[in-house]
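Worksheet for the structure shown next.
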Amino acid sequence: MPRAVTVLRLAALALLVGFLVTPQSFAPLFAPLTQYGAPPIYDQGNLLTLALAQLATVCLAAVASSIVAVALGILVTRPSGAQFLPLSRTLVNIGQTFPPVAVLAVAVPLVGFGEKPTLIALFAYGLLPIFENTLVGLRTCPPAVLEAASGMGMSARQRLLSVELPLAMPLILEGIRLSLVINVGTATIGSTVAAKGLGEVIIAGLLSSNTAFILQGGLLTGLMAILLYDGLATLERRLLRPVTLD
Amino acid sequence: MITVENLSKRYGNTTVVDGVSLTVERNSITAIVGTSGSGKSTLLRMINRLVEPSSGRVLIDGRDTRDEPAYLLRRHIGYVIQGNGLFPHRTVAENIATVPRLLGWEARRIEARVAELLEVFALDPASYAHALPHQLSGGQQQRVGVARALAAEPMVLLMDEPFGALDPIIRAKAQDDLLDIQRRFGMTVVLVTHDMDEAFRLGTQVAVMSGGRLLQYDRPAVLLTQPADPFVARMTGLADRAMRLLSLVTAGEAALPGTCDGPAVPPTATLREVLSELLWRGADSARVVDAEGRVRGQLTVGAILARGRP
């Protein structure tokens with residue numbers, strides 16, 4: 001079973017890299033989807049550059065939402081910050097329920113076209129999973145462990161850094177992973193406000209009724225999301241010690 | 001020496017601990033017993049200030065515990081809780097090294113101390129030093145919990161229901177270990193339990209609490225023979241108080257001069273155990289024989305029974 005999974009992973013990776021580096025070799029596959037001699041492979045930009053640009057935007061947004069969401073999660077689980085829990089929850093929930101397209105519409109008049117409005121939309125959209133997971137992670141630390149940490153003479157800060165955060169880390173990382181994957185897909189709408197990304201390919205396909213463009217834009221984005229999720233999960237398993245909470 | 005002076009804890013209108021005063025001698029074990037809600041845990045937790053007293057004070061060797069920040073105070077007081085609270089993401093060695101690290105000991109000194117404690121608690125360093133807590137049995141986890149509490153050589157050890165989660169056989173072993181370790185390191189132990197047998201077995205002194213008040217604080221034998229209160233008498237057990245009294249005296253202490261041809265018993269056996277042995281064998285007297293095979297005296301049924309009267 002693990003071998004089959006590895007083979008599948010490598011195949012997905014090979015497909016993604018192959019498509020990004022030599023897109024023309026896939027032309028015969030997509031040719032049947034085009035009409036009236038339209039190009040089967042996107043030709044108005046380099047697919048590799050677009051994919052990397054999208055990944056960079058998503059990662060930048062994820063770093064920002066991780067910092068804010070984890071910090072908020074820590075704040076509201078301290079006795080002094082507990083009163084901010086309802087407020088933080090509301091803010092983070094709004095970030096998730098407010099459609100990213102609407103965020104773009106609001107942000108463009110304020111910060112102009114390009115990467116900035118996309119970053120803002122992705123940042124807001126990615127907060128919720130990280131915040132909620134941080135909250136659950138910090139709240140489910142076993143009370144006996146926390147009591148022992150205080151009883152041993154750890155200051156509140158030492159307890160947070162050396163006990164609470166390490167114990168909550170698997171959940172926090174899962175939140176970040178989830179947020180990243182959601183945003184790889186969501187980032188394609190950034191192309192409506194001129195952010196560089198694979199959304200450009202999809203939009204070009206929609207405008208020229210070129211199914212091949214739509215399909216390859218979607219396929220590449222999907223592959224990126226799956227591989228990213230999988231890769232991060234593997235990395236986590238390698239880096240973190242197995243922890244069993246009883 | 002721990003001096004508790006008129007200590008109270010109130011939460012709103014509820015008084016959890018009500019004006020408790022007591023003195024715990026150095027190098028002794030004090031057991032605090034009471035039903036749940038008697039305030040015994042709160043009293044214990046006020047000693048290391050995990051709970052801040054509403055009024056009154058605690059002195060350890062004459063120093064007020066409020067003289068330094070609570071977290072610094074706690075680094076010099078061992079603390080063991082029910083369920084151990086071992087750090088699940090840290091190895092056994094790292095768990096034990098917690099307080100020495102907080103105190104900034106040198107790496108070599110920490111390593112030596114961890115090795116020493118693993119040996120004292122019969123945990124083979126090769127197999128356990130780098131194990132994670134969940135890989136250990138309940139009894140081993142409990143031992144690591146005590147080792148961690150003792151790592152920085154505290155003079156005071158506080159234990160809150162330390163053996164509550166263990167099965168009876170492992171619990172008896174853990175209690176014996178605690179007595180050995182207390183003799184070996186000579187620290188002052190304050191232990192909270194709801195189990196009267198445990199309190200009698202371990203306690204040099206026993207404090208009985210109910211409704212936040214300290215009802216009686218004395219040696220176990222005095223608690224049995226002169227209970228200050230009907231509640232104390234009920235707690236110590238009216239039905240088997242004579243047997244409890246017998247279990248406080250060892251054969252070595254009670255042995256009379258002379259010898260007999262009855263069954264041999266070790267000097268460490270309690271009179272309760274000797275009596276049981278005599279009943280079982282249908283004998284009238286027992287020989288007290290030590291580990292080297294020397295006869296230390298004899299015990300007759302009559303002499304044993306006399307010890308069971310107040």
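List of remarks:
- The angle separating the long axis of helix A:2-21 from the principal Cα axis of greatest extent in chain A is about 50 degrees.
- Fewest-first sequence of A:Tyr229, A:Tyr125 by Cβ atoms within 10 Å of each Cβ: A:Tyr229, A:Tyr125
- If you look at the Cα atoms of region B:244-307, you get an Rg and a Dmax of 10.1, 29 Å.
- When only alpha carbons are used to place a centre, region B:101-132 and region A:40-69 end up 49 Å from one another.
- Within a straight-line Cα-Cα reach of under 23 Å, A:Lys196 can be paired with the following lysines, leaving aside sequence neighbours fewer than 8 residues apart in one chain: A:Lys116.
- Under a Gaussian network description of chain A, with springs only between Cα atoms under 10 Å, the residue in A:Ala11, A:Ala62, A:Ala195 that fluctuates furthest is A:Ala11.
- Centroid-to-centroid separation of region B:179-223 and region A:155-186 [C-alpha atoms, Å]: 44 Å
- Nearest-ten-degree value, helix B:107-120 long axis tilted from longest Cα axis of chain B: 20 degrees
- Rounded Å value of the spacing that divides the Cα centres of region B:141-168 and region A:120-144: 34 Å
- Quick note on region A:109-186: its Rg to Rh ratio, both from C-alpha atoms and Rh being the Kirkwood radius, is 1.19.
- Sequence of B:His89, B:His130, B:His194 once ranked by neighbouring C-beta atoms within 10 Å, starting from the fewest: B:His130, B:His194, B:His89
- Formal net charge of residues neighbouring A:Glu164 (Cβ-Cβ distance under 15 Å; K, R +1; D, E -1): +4
- Förster radius 35 Å - calculated FRET efficiency between A:Ala56 and A:Leu110, Cβ distance, rounded to 0.05: 0.95
- Reachable lysines, given that their alpha-carbon falls under 19 Å from the alpha-carbon of B:Lys40 and they are not under 8 places away in the same chain: B:Lys9
- The DSSP beta bridges internal to the protein assembly as shown are antiparallel in roughly 55% of cases.
- In region A:126-188, GluC sites (Glu not before Pro) in a DSSP loop with at most 14 other beta-carbon atoms within 10 Å: none
- Amide proton proximity set for B:Gly212, modelled H, under 5 Å, gap of 5+: B:Gly39
- Ellipticity at 222 nm from helices only: DSSP H runs of n ≥ 4 in chain A, each -39500 (n - 2.57), divided by the residue count, give -24000 deg cm²/dmol.
- Where trypsin sites (Lys or Arg not before Pro) in DSSP loops with at most 12 other Cβ within 10 Å are excluded, longest remaining stretch of chain B: B:27-293
- With neighbour counts taken as other beta-carbon atoms within 10 Å, the residues A:Leu55, B:Leu224, A:Leu110 rank, fewest first, as A:Leu110, A:Leu55, B:Leu224.
- When Rg and Dmax are taken over the Cα atoms of region A:57-196, they come to 17.1, 56 Å.
- Angle of helix B:138-150 to the longest C-alpha principal axis of chain B, folded into 0 to 90 degrees and rounded to 10: 60°.
- Scaled to the globular estimate 2.2 N^0.38 Å, the Cα spread of chain B, given as radius of gyration, is 1.10.
- Computed helical MRE - 222 nm, chain B, DSSP H runs ≥ 4 contributing -39500 (n - 2.57), nearest 500: -10500 deg cm²/dmol
Computed from the coordinates by the stated procedures, all read-outs in this text should not be read as laboratory data. Keep in mind it's a predicted model, so treat the numbers as computed, not measured. So basically every Cβ, Gly included, is an ideal-geometry build from the backbone, and we count neighbours across all protein chains shown.
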